Structures are given as structure tokens and as C-alpha cells.
Amino acid sequence: MKVSKGKYLAFTFFICMYFGYLLIQKVFPTGHILKIPIIDDNIPLISWFAVPYLSMYFVTIVPFLLSWHHKKKLLATSLTFLSAASIAYMTFIIYQTKMVRPEIIPHGTFDFLVEYIYAMDPPVNSFPSLHVLYATLAFLCTRNINKELGIIIFPFAFLTAISTVLIKQHFFPDIIGGVILALLAYKIIFKNIVSKNSSKSLNDHQPILFVNKI
């Protein structure tokens with residue numbers, strides 16, 4: 001059974017998403033502190049936002065599942081996510097950043113969940129935020145594939161984005177970087193592929209008119 005290019009790229013993206021990030025954490029364990037003090041120093045730690053933070057991993061899968069049997073849209077989705085992730089990783093290499101986290105004395109389930117996130121994800125390579133990048137792309141691609149599901153995905157993507165600063169995993173500039181990269185990748189790659197294929201499809205179905213010259 002022949003596997004489409006979009007599926008190959010999808011598998012490649014998810015490998016990079018998990019294992020590639022683990023590798024780059026160990027290669028670049030330190031970095032610069034990139035924050036806006038007047039904003040970041042006044043954002044409180046709200047531990048229950050650990051739930052939407054972790055939901056990013058499920059939200060990211062949605063556009064891949066929706067387009068899995070649609071070759072062109074799966075190709076557009078896979079290439080967009082993979083390209084955006086590659087640019088983010090290159091940014092980590094060129095400009096290493098790190099997060100300064102507060103010390104937590106757990107008093108409840110959500111505090112322990114934040115502590116677990118801290119233990120699993122070192123506070124390095126924070127700009128741009130991959131959580132924001134993937135959640136934003138998931139919303140944009142899903143909206144294009146299925147508008148109704150796009151509306152449902154939006155609040156999850158939004159909560160994921162703000163959760164990054166509310167559990168002190170990222171600074172505010174990291175959010176901005178993630179959103180901008182997602183918008184550019186979607187506009188330049190996803191929209192370009194889908195619009196080209198749509199135009200081609202329309203042209204293929206146009207009747208051919210033969211005009212007899214006199």
C-alpha cells in the first residue's frame with residue numbers, strides 16, 4: 001500500500017515534535033532571559049492552567065486526523081507544521097532563551113501537575129513558544145478544513161496560548177513569537193498549497209470551447 005507524501009511528512013513532524021525537542025534540550029541547556037518585566041512580572045501563577053497547557057498535545061492532532069484521507073490538505077497541514085517547527089528549532093540554535101520559574105510548594109492536584117510539567121520540560125529554548133505555535137496552527141488549519149470544528153477548537157487553542165504564561169512556562173514575548181510564526185507559516189505554506197490545488201481543480205473542470213475560425 002502506497003503511503004502519501006503528506007503522511008510521511010506527518011510522521012516526520014510528530015517524530016520531530018517529541019524526540020527532536022528532547023534532543024535539542026540537551027544540546028542547548030542554557031540561554032538568555034527574554035521577557036517584558038512590566039508584563040511578565042505581574043502575571044500570576046494559576047496552576048489549574050496546567051490542564052489546557054497539556055491539552056495542546058491533543059489539539060495538535062486534530063487537523064491531521066481531519067485531513068488524513070484528503071491528500072492535498074494533509075500535505076498542506078504536514079508541511080506547514082514541519083516547516084514551522086524547523087524554523088522554531090533553528091531559532092533555538094541561533095538565539096537560545098530560557099525561562100525563570102518560581103518555586104512551587106504543592107498544595108493541591110494542579111500544583112503537583114505544574115511541578116510535573118516543570119520536571120518533564122526544562123526551562124530552555126522558550127522563544128518562540130512551541131505550545132503557542134502548534135495550538136495556533138491547529139486552529140488555523142482546522143478552521144480551513146472544517147469551519148464548525150474550527151470554532152470548537154478555538155477556545156482550546158486560546159487557553160493553551162495563555163496557559164504558557166499562567167503556569168510560568170514562558171514569557172509574554174514567547175507567545176508573540178509563536179503566534180507570528182504560526183500566522184506566517186499558515187499564510188505562506190498552507191494557504192498557498194490549498195489555493196493552488198483549488199485553482200487547478202477548477203481549471204480541470206472547466207469546459208473546453210472550440211471556436212471555428214471562418
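Of the residues that make up segment 52-60, is at least one part of a loop (DSSP other than H, G, I, E, B), of a type outside the set (S, T, Y) and either crowded, with 16+ Cβ neighbours inside 10 Å or touching a residue at least 60 places away in the same chain (Cβ under 8 Å) (or both)? I'd like the intermediate steps shown before the answer.
Residues of segment 52-60 that are part of a loop (DSSP other than H, G, I, E, B), as a first pass: 60.
From what is left, the residues that are of a type outside the set (S, T, Y) are none.
There is no residue in segment 52-60 that is part of a loop (DSSP other than H, G, I, E, B), of a type outside the set (S, T, Y) and either crowded, with 16+ Cβ neighbours inside 10 Å or touching a residue at least 60 places away in the same chain (Cβ under 8 Å) (or both).
Identify all residues within segment 108-121 that are more than 30 Å from F190 (Cβ to Cβ) and surrounded by 15 or more Cβ atoms within 10 Å (Cβ to Cβ); write none if there are none.
The answer is F110, D111, L113, V114, E115, Y118.
Tell me which residues, restricted to segment 1-47, are polar (S, T, N, Q), within 18 Å of A119 (Cα to Cα) and modelled with pLDDT of 85 or more. Even if it seems obvious, please write down each step before you answer.
Quick first cut of segment 1-47, residues polar (S, T, N, Q) only: 4, 12, 25, 30, 42, 47.
Restricting the remaining residues to those that are within 18 Å of A119 (Cα to Cα) gives 25, 30, 47.
S47 - this is the single residue of segment 1-47 that is polar (S, T, N, Q), within 18 Å of A119 (Cα to Cα) and modelled with pLDDT of 85 or more.
Would you say F171 is surrounded by fewer than 24 Cβ atoms within 10 Å (Cβ to Cβ) and either at pLDDT 95 or above or within 12 Å of the chain's Cα centre (by Cα) (or both)? Step through it out loud before you land on a result.
Values: surrounded by fewer than 24 Cβ atoms within 10 Å (Cβ to Cβ): no; either at pLDDT 95 or above or within 12 Å of the chain's Cα centre (by Cα) (or both): yes.
Answer is no for this residue.
Results for (1) modelled with pLDDT of 95 or more; (2) in contact with a helix residue (DSSP H, G or I) (Cβ under 9 Å, 6 or more places away or on another chain); (3) polar (S, T, N, Q), shown as yes or no for each residue.
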| position | (1), (2), (3) |
| --- | --- |
| Q96 | no, no, yes |
| R101 | no, yes, no |
| I104 | no, yes, no |
| Y118 | no, no, no |
| P123 | no, no, no |
| L133 | yes, yes, no |
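F49: in contact with a helix residue (DSSP H, G or I) (Cβ under 8 Å, 6 or more places away or on another chain) and free of Cβ contacts under 8 Å to residues at least 60 places away in the same chain, yes or no? Spell out how you get there, then give the answer.
Numbers: in contact with a helix residue (DSSP H, G or I) (Cβ under 8 Å, 6 or more places away or on another chain): yes; free of Cβ contacts under 8 Å to residues at least 60 places away in the same chain: no.
Here the answer is no, as F49 does not meet what is asked.
Which ones in segment 174-193 are surrounded by 21 or more Cβ atoms within 10 Å (Cβ to Cβ), closer than 23 Å to F49 by Cβ and not small (G, A, S)?
Those that are surrounded by 21 or more Cβ atoms within 10 Å (Cβ to Cβ), closer than 23 Å to F49 by Cβ and not small (G, A, S): D174, I175, L181.
I need every pair where a residue in segment 12-32 that is hydrophobic (A, V, I, L, M, F, W, C) has its Cβ under 7 Å from the Cβ of a residue that is outside any helix (DSSP H, G or I) and at pLDDT 85 or above, sequence separation at least 6 or different chains.
Short answer, once both residue conditions are applied: I24/N125; F28/Q96; F28/V124; F28/N125.
So which residues in segment 167-189 are hydrophobic (A, V, I, L, M, F, W, C) and touching a Leu at 6+ places or on another chain (Cβ under 7 Å)?
Restricting attention to segment 167-189, the residues satisfying the condition of being hydrophobic (A, V, I, L, M, F, W, C) are 167, 171-172, 175-176, 179-185, 188-189.
Within segment 167-189, I167, F171, L181, A182, A185, I189 qualify.
Out of I162, I105, I87, report the one residue that is of a type in the set (V, I, T), over 19 Å from A185 (Cβ atoms) and either buried (at least 17 other Cβ atoms within 10 Å of the Cβ) or touching a residue at least 40 places away in the same chain (Cβ under 8 Å) (or both).
Working: I105 fails: either buried (at least 17 other Cβ atoms within 10 Å of the Cβ) or touching a residue at least 40 places away in the same chain (Cβ under 8 Å) (or both); I87 fails: over 19 Å from A185 (Cβ atoms).
Testing whether each residue is of a type in the set (V, I, T), over 19 Å from A185 (Cβ atoms) and either buried (at least 17 other Cβ atoms within 10 Å of the Cβ) or touching a residue at least 40 places away in the same chain (Cβ under 8 Å) (or both) leaves just I162.
Whether any residue in segment 37-46 is of a type in the set (D, E, K, R) and under 18 Å from the mean Cα position of the chain (by Cα) is what I want to check.
The initial filter retains those residues of segment 37-46 that are of a type in the set (D, E, K, R), namely 40-41.
Next, only the ones that are under 18 Å from the mean Cα position of the chain (by Cα) stay: none.
No, every residue in segment 37-46 fails to be of a type in the set (D, E, K, R) and under 18 Å from the mean Cα position of the chain (by Cα).
Among the numbered conditions (1) assigned to a helix (DSSP H, G or I); (2) farther than 18 Å from H131 by Cβ; (3) in contact with a strand residue (DSSP E or B) (Cβ under 8 Å, 6 or more places away or on another chain), tell me where T30 comes up short.
Of everything listed in (1) assigned to a helix (DSSP H, G or I); (2) farther than 18 Å from H131 by Cβ; (3) in contact with a strand residue (DSSP E or B) (Cβ under 8 Å, 6 or more places away or on another chain), T30 misses just condition (1).
The values are calculated or read from the model by the stated rules, or taken from the named source; none is laboratory data. It should be emphasised that the depicted structure is a prediction, and the values quoted were computed from it without experimental measurement. So basically every Cβ, Gly included, is an ideal-geometry build from the backbone, and we count neighbours across all protein chains shown.
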